[in-house]
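K.L.:
Below you'll find the structure I mean.
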Amino acid sequence: MSADDIAEGQQRGEGRRTDAEAVLSVRDLTVGFGSNIVLEKLNLDIYRGEILGFVGASGTGKSVLMRTVLRLLPRRAGSIKILGAEYDAVSEEERVELDMRLGVLFQHGALFPR
């Protein structure tokens with residue numbers, strides 16, 4: 001199967017996974033600081049077994065996204081589901097259970113020394 005075949009199948013909706021399979025699902029996420037919008041209407045699904053890295057220039061919102069998912073930063077709009085649960089709608093007990101299943105290691109300093 002060629003890359004063109006895969007792209008055509010994706011356009012037809014083939015191979016799409018359901019929302020229930022996503023371990024992290026972000027919909028229409030908007031985050032900003034004052035009048036500066038960093039993320040606007042971002043959509044993202046990460047599925048069990050996937051490995052994903054965020055790569056981009058400084059200031060493009062990589063850490064803002066992760067900190068918002070972890071509820072370390074407030075969002076202006078959008079929803080976040082973790083393991084199928086709407087994070088804002090769960091009880092405090094369920095939130096603690098979800099939090100105990102998460103692990104994040106933020107990079108301290110630059111990946112490549114100057």
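K.L.:
When you go through (1) outside any loop (DSSP other than H, G, I, E, B); (2) of a type in the set (Gly, Ala, Ser); (3) at pLDDT below 95 one by one for ALA57, which number turns out not to apply?
P.N.:
Among (1) outside any loop (DSSP other than H, G, I, E, B); (2) of a type in the set (Gly, Ala, Ser); (3) at pLDDT below 95, ALA57 violates only (1).
K.L.:
Regarding LEU42, is this residue within 10 Å of the chain's Cα centre (by Cα), outside any helix (DSSP H, G or I) and surrounded by 17 or more Cβ atoms within 10 Å (Cβ to Cβ)?
P.N.:
It is true that LEU42 is within 10 Å of the chain's Cα centre (by Cα), outside any helix (DSSP H, G or I) and surrounded by 17 or more Cβ atoms within 10 Å (Cβ to Cβ).
K.L.:
Is region 60-67 home to any residue that is in a loop (DSSP other than H, G, I, E, B) and touching a residue at least 40 places away in the same chain (Cβ under 8 Å)?
P.N.:
no
K.L.:
Would you tally the residues in region 51-76 being touching a strand residue (DSSP E or B) at 6+ places or on another chain (Cβ under 9 Å), aliphatic (A, V, I, L, M) and surrounded by 13 or more Cβ atoms within 10 Å (Cβ to Cβ)?
P.N.:
Here the count works out to 4.
K.L.:
So THR18 passes all but one of these: (1) surrounded by 10 or more Cβ atoms within 10 Å (Cβ to Cβ); (2) modelled with pLDDT under 90; (3) of a type in the set (S, T, N, Q). Which condition number does it fail?
P.N.:
Going through the list (1) surrounded by 10 or more Cβ atoms within 10 Å (Cβ to Cβ); (2) modelled with pLDDT under 90; (3) of a type in the set (S, T, N, Q), THR18 breaks only (1).
K.L.:
Within region 68-83, how many residues are at pLDDT below 90 and charged (D, E, K, R)?
P.N.:
Of the residues in region 68-83, 1 are at pLDDT below 90 and charged (D, E, K, R).
K.L.:
Testing GLU86 on (1) within 18 Å of SER25 (Cβ to Cβ); (2) exposed (fewer than 10 other Cβ atoms within 10 Å of the Cβ); (3) at pLDDT 90 or above, one condition comes back false. Which one is that?
P.N.:
Condition not satisfied by GLU86: (2).
The values are calculated or read from the model by the stated rules, or taken from the named source; none is laboratory data. Computed from a predicted model, the values in this text were never measured in an experiment. When we count neighbours, we look across all protein chains shown, and the Cβ atoms used for this are built from the backbone with ideal geometry, even at glycine.
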